[in-house]
Amino acid sequence: MMKKTEVNDVAPSSVAHVVGQQGVVEQVKVALDAAFEDTRRFDHAMLVGPPGMGKSMTANVIAQEMAADFHEVLGQSIANVGDLNGLLLQASDKSVVHIDEAHELNRKLQTALYLATDKRRIFISGSKAVQSIPIADFTLLLSTTDEYSLLQPLRDRMRLVLHFDFYSSEDLATLLHHRSKALGWSVDEGLLPHIARRSKGTPRLALRLLQACRRVCRSEGEDTLTCDHLHRACNLERIDELGLGPTEQAYLRILSDGPTRLNVIASSLGLPPKTISAVTEPFLIRAGLTSKDDQSRRQLTSRGYEHLSESSP
């Protein structure tokens with residue numbers, strides 16, 4: 001059997017194998033049990049949470065638990081009503097249609113989608129009349145990082161709302177243990193908690209670091225992943241003890257001179273202000289490294305100063 005070399009070569013196939021997200025897991029279990037008891041499809045659901053939390057993986061698990069066909073597409077790849085209708089016509093009864101990044105659908109497509117789920121029909125405008133075509137009784141799963149970018153009528157038609165939260169370091173270490181065991185990788189005791197602490201509570205980042213660690217390990221002709229491999233991988237990618245990358249580290253250094261306005265930080269980093277506020281800042285604020293003063297200037301907290309002094313050469 002070919003040896004697995006990628007972290008995504010394996011994934012949970014059952015809700016019982018999902019690590020963390022206990023609230024989501026319980027909701028899914030109840031909905032699955034109800035669907036089986038009533039011999040009906042899984043309820044339409046909206047999966048909400050930050051990127052990398054396992055929303056797509058959970059959608060896949062739901063389809064596998066239901067033994068249903070799985071149709072997955074990115075919201076931004078649905079350009080027009082014809083694309084949407086083609087997706088919905090592929091579905092059969094009880095199959096699962098998953099639209100990832102659903103907030104990327106424009107308002108016209110969102111309207112067409114909730115009408116289709118309501119009426120179980122799609123509507124095609126012709127030169128003289130509107131043609132109605134029946135569609136299957138499928139399950140619609142919408143994954144999004146911004147639920148309020150979806151029209152309320154569409155949100156209201158989702159019977160389940162599954163909220164995904166950031167992981168604890170303990171849950172991330174457990175997830176990494178399960179994944180490395182499933183892959184058949186030999187891992188040194190104590191390595192996985194170190195990876196977990198650098199992963200910002202995000203499974204996708206944890207698995208990426210595990211893969212980087214494995215890459216260094218194999219480049220040296222070794223078979224067991226160790227903390228030395230992790231340290232070299234982090235040095236190569238300039239990731240510090242908290243998992244901060246070069247941009248986040250530069251952000252902290254800018255604030256070390258005192259409270260600073262967002263546009264000044266953006267100019268110093270050469271990035272749009274929107275990118276900084278949406279991508280760079282959220283973890284720094286959540287980790288208690290930075291805050292905003294009453295004039296919305298960014299500033300380091302005492303913890304931020306402490307981390308900066310500890311991580312400086």
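Test of understanding: among ARG204, ARG179, ARG155, which residue is buried (at least 22 other Cβ atoms within 10 Å of the Cβ), farther than 17 Å from HIS231 by Cα and charged (D, E, K, R)? Quick ask: steps written out before the conclusion?
Numbers: ARG204 fails: buried (at least 22 other Cβ atoms within 10 Å of the Cβ); ARG155 fails: buried (at least 22 other Cβ atoms within 10 Å of the Cβ).
Answer to the selection: ARG179.
Taking the criterion of being surrounded by 20 or more Cβ atoms within 10 Å (Cβ to Cβ), under 26 Å from the mean Cα position of the chain (by Cα) and free of Cβ contacts under 8 Å to residues at least 60 places away in the same chain, the residues of the range 213-228 that qualify are CYS213, VAL216, LEU225.
Please go through the range 77-91 and pick out each residue that is polar (S, T, N, Q) and surrounded by 13 or more Cβ atoms within 10 Å (Cβ to Cβ). Before the answer, list the steps.
Taking the range 77-91 as the starting set, the residues that turn out to be polar (S, T, N, Q) are 77, 80, 85, 90.
Answer for the range 77-91, where residues must be polar (S, T, N, Q) and surrounded by 13 or more Cβ atoms within 10 Å (Cβ to Cβ): ASN85, GLN90.
Within the range 1-16, being within 25 Å of MET158 (Cβ to Cβ) and under 18 Å from the mean Cα position of the chain (by Cα) holds for ALA11, PRO12, SER13, VAL15. The number of residues in the range 252-281 that are within 29 Å of ASP165 (Cβ to Cβ) and in contact (Cβ under 8 Å) with a residue 40 or more places away in the chain comes to 2.
Summed over the range 45-70, the residues that are touching a Ser or Thr at 6+ places or on another chain (Cβ under 6 Å) and farther than 22 Å from THR202 by Cα give a count of 3. Could you go through the range 289-303 and let me know if any residue there is under 21 Å from PRO51 (Cβ atoms), aliphatic (A, V, I, L, M) and either modelled with pLDDT of 95 or more or under 26 Å from the mean Cα position of the chain (by Cα) (or both). Scanning the range 289-303 turns up at least one residue that is under 21 Å from PRO51 (Cβ atoms), aliphatic (A, V, I, L, M) and either modelled with pLDDT of 95 or more or under 26 Å from the mean Cα position of the chain (by Cα) (or both). Counting the residues of the range 256-267 that are within 29 Å of the chain's Cα centre (by Cα) and either surrounded by 14 or more Cβ atoms within 10 Å (Cβ to Cβ) or among the charged types (D, E, K, R) (or both) gives 3. All conditions in (1) part of a helix (DSSP H, G or I); (2) at pLDDT 95 or above; (3) not aromatic (Phe, Trp, Tyr) hold for ASN85, with the sole exception of (2).
Scanning the range 96-133 for residues that are out of contact with any strand residue (DSSP E or B) (no Cβ under 6 Å at 6 or more places or on another chain) and not in a helix (DSSP H, G or I), we see that the one that is surrounded by the fewest Cβ atoms within 10 Å (Cβ to Cβ) is SER127.
The combined condition, being closer than 28 Å to LEU32 by Cα, out of contact with any strand residue (DSSP E or B) (no Cβ under 7 Å at 6 or more places or on another chain), touching a residue at least 24 places away in the same chain (Cβ under 8 Å) and acidic (Asp, Glu), is fulfilled by ASP93. Yes or no: the range 217-227 includes at least one residue that is under 30 Å from GLN27 (Cβ atoms) and either at pLDDT 95 or above or not β-branched (Val, Ile, Thr) (or both). No, the range 217-227 contains no residue that is under 30 Å from GLN27 (Cβ atoms) and either at pLDDT 95 or above or not β-branched (Val, Ile, Thr) (or both).
Would you point out the residue of the range 46-70, among those that are of a type in the set (Gly, Ala, Ser) and outside any loop (DSSP other than H, G, I, E, B), that is surrounded by the fewest Cβ atoms within 10 Å (Cβ to Cβ)? First the steps, then the outcome.
First pass over the range 46-70, keeping only residues of a type in the set (Gly, Ala, Ser): 49, 52, 54, 56, 59, 63, 67-68.
Then keep just the ones that are outside any loop (DSSP other than H, G, I, E, B); that gives 56, 59, 63.
Values: SER56: 18, ALA59: 24, ALA63: 22.
So the residue we want is SER56.
From (1) part of a helix (DSSP H, G or I); (2) without any contact (Cβ under 8 Å) to a residue 60 or more places away in the chain; (3) within 27 Å of LEU176 (Cα to Cα); (4) within 19 Å of the chain's Cα centre (by Cα), pick out the condition that doesn't hold for LEU32. All conditions pass for LEU32, except number (4). Residues in the range 151-191 that are more than 30 Å from PHE138 (Cβ to Cβ) and of a type in the set (S, T, N, Q): SER168, SER169, THR174, SER180, SER186. ALA136 falls short of the stated requirement of being free of Cβ contacts under 8 Å to residues at least 60 places away in the same chain and either surrounded by fewer than 11 Cβ atoms within 10 Å (Cβ to Cβ) or not assigned by TED's automatic domain parsing to the domain that holds LYS94 (or both).
The values are calculated or read from the model by the stated rules, or taken from the named source; none is laboratory data. Only a predicted model underlies this, so the values are computations on that prediction, with no experimental measurement involved. Virtual Cβ from ideal backbone geometry, glycine too; neighbours counted across all protein chains shown.
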